[in-house]
1. Name the residue, out of E213, E222, that is acidic (D, E), at pLDDT 95 or above and farther than 25 Å from E309 by Cβ.
2. Of these, V140, V104, which one is in a loop (DSSP other than H, G, I, E, B) and crowded, with 20+ Cβ neighbours inside 10 Å?
3. Return the residues of the stretch 126-137 that are without any contact (Cβ under 8 Å) to a residue 60 or more places away in the chain and under 15 Å from F207 (Cα atoms); say none if nothing qualifies.
4. Given the conditions (1) without any contact (Cβ under 8 Å) to a residue 60 or more places away in the chain; (2) out of contact with any Leu (no Cβ under 6 Å at 6 or more places or on another chain), and given that I250 satisfies all but one, which numbered condition is not satisfied?
5. Suppose we keep only residues that are open to solvent by 10 Å² or more (accessible area, probe 1.4 Å) and touching a Leu at 6+ places or on another chain (Cβ under 8 Å) within the stretch 232-246. Which one would you say is nearest to I19 (Cα to Cα)?
6. Regarding the stretch 109-129, can at least one residue be identified that is open to solvent by 10 Å² or more (accessible area, probe 1.4 Å), over 24 Å from S245 (Cα atoms) and part of a helix (DSSP H, G or I)?
7. If the Cβ limit is 7 Å and pairs must be 6+ apart or interchain, which residue in the stretch 202-214 that is touching a residue at least 24 places away in the same chain (Cβ under 8 Å) pairs with which residue that is among the hydrophobic types (A, V, I, L, M, F, W, C) and open to solvent by 30 Å² or more (accessible area, probe 1.4 Å)?
8. Please count how many residues of the stretch 265-280 are touching a residue at least 24 places away in the same chain (Cβ under 8 Å) and open to solvent by 90 Å² or more (accessible area, probe 1.4 Å).
Amino acid sequence: MEFKHTSVLLRECVDSLNIKPGGIYVDGTLGGGGHSSAICEKLSASGLLIGIDRDKDALNAAEKRLLPYKCRKLFVQSNYADIKNILRKNGIESIDGATLDLGVSSFQLDNKDRGFSYMQKAPLDMRMNRDDSLSAYDVVNGYSEKELAEIIKKYGEEKWSQRIASFIVKARADKPVEDTEELVDIIKRAIPASARREGPHPAKRTFQAIRIEVNDELGQLEKAAEEFCDVLVSGGRFAVITFHSLEDRIIKDTFARRANPCICPKDFPVCVCGRTADIKKVTGKPIVPSPEETEENPRARSAKLRVAEKI
């Protein structure tokens, strides 16, 4: 299957990086290379693009797509949260900018073999790196009812989490839940018919929760948000595109805390804690897609772009 992905907020994201032709830039979620292509267009032959992805298919597709560009390129199969180790292994101390596009790629959603989509039958997988040991099958069939309810509520923000977990456990008592179609049917039975008539697909939140658990997405994002800020040069920028409130909250809180780290009581006339800001927020309110973009690409609807600059 050809790797296809429509990059969201492409121009807004790349423009926000203020790219220097000879600089070093990291695309921590390389995907099919959409954002990286736009970055490479602005880089000279001395510039370096570091593309990171957990997915071998993404890396292979991006490497072919970026071949025509004259800048230097380094492709790494890894988790973007490991950015400090990646740079250290390649003798790089700091970078001029970085971007993360945290959405699941269209390729992963549309490739039924990956099990990310609730719209087509597929094995319960959801691993962004297929070499990882934990899969959606393991979560659905191995977690206790309490654990399932907790992750569906926490990561899916699902009102019916307890009931869905109960229905999953009852169903797997007869036989393991093997594929996405079976899981969708269970979720539909668990959610009352009246609640299914409104809002998104009834399985959307549960599938999101399981995917986040399988790939430890929020834990890795918390680590990455700090480390990318650490490795920027002064004036370097970090641009992050999120797709749901849990991701956005991590980025928003990290940027806010590092831009205003003082822990002195509000009534102190001067700061005595000695903590100083090391970034400044470039965006106050996040940048969101235009109506034209969401019409052309409905998957862009919930996207938010936040940008910070190293002081």
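1. Numbers: E222 fails: farther than 25 Å from E309 by Cβ.
Result of the check over E213, E222: E213.
2. On the way: V140 fails: in a loop (DSSP other than H, G, I, E, B).
None of the other options fit; the residue is V104.
3. Pass one, the stretch 126-137, residues without any contact (Cβ under 8 Å) to a residue 60 or more places away in the chain: 131, 133, 137.
Once the filter is applied, which keeps residues that are without any contact (Cβ under 8 Å) to a residue 60 or more places away in the chain and under 15 Å from F207 (Cα atoms), the stretch 126-137 yields only Y137.
4. Every condition holds for I250 apart from (2).
5. By that ranking, first place goes to R237.
6. yes
7. Every condition considered, the pairs that remain are V214/L134.
8. 1
The values are calculated or read from the model by the stated rules, or taken from the named source; none is laboratory data. Note that the structure is predicted; figures quoted are calculated from it, not measured. Heads up, the Cβs are rebuilt from the backbone with ideal geometry, glycines too, and the neighbour counts pull from every protein chain shown. When the accessible area is computed, the model is the full protein with side chains, heavy atoms only, and any ligands, DNA or RNA have been set aside. Shrake-Rupley method; radii C 1.70, N 1.55, O 1.52, S 1.80 Å.
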